[in-house]
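The structure appears below as structure tokens.
The values are calculated or read from the model by the stated rules, or taken from the named source; none is laboratory data. This is a predicted model, so every value here is computed, not measured. Ligands, DNA and RNA are excluded from the accessible area calculation, which covers all protein heavy atoms including side chains. Shrake-Rupley method; radii C 1.70, N 1.55, O 1.52, S 1.80 Å.
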Amino acid sequence: MNRIVILAAVAATLLAAPACAADSIRISTAGKSPEQLRAEVFNAARRVCASDIVGSSFPLDEMRACVTHTVSATLAQIQDPALKVAAR
């Protein structure tokens, strides 16, 4: 069972992202409900994406796109069937 979800912001999701946009945050999945896991992934994505949009032309649009892509890509990596509900 996969106990750690690795959250990585992909530089290709942002037009003005720096080349070093490979930040990651580890989130433990042990004992968490799908709702708790989704909330933690969302908050982590906001933190990672916030550092990637500094100086961008359209920060709100780029932040929204980055968070949406990062959350969906992260939740798609979950192997535990009990937590797959978080990806919906």
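Quick check: at a probe of 1.4 Å, how many percent of the accessible area of the range 40-88 sits on carbon and sulfur atoms? Carbon plus sulfur share of accessible area: 60 percent. Fully extending the segment from S56 to V85, taken as 0.36 nm per residue of separation minus the present Cα-Cα distance, adds 7.1 nm.
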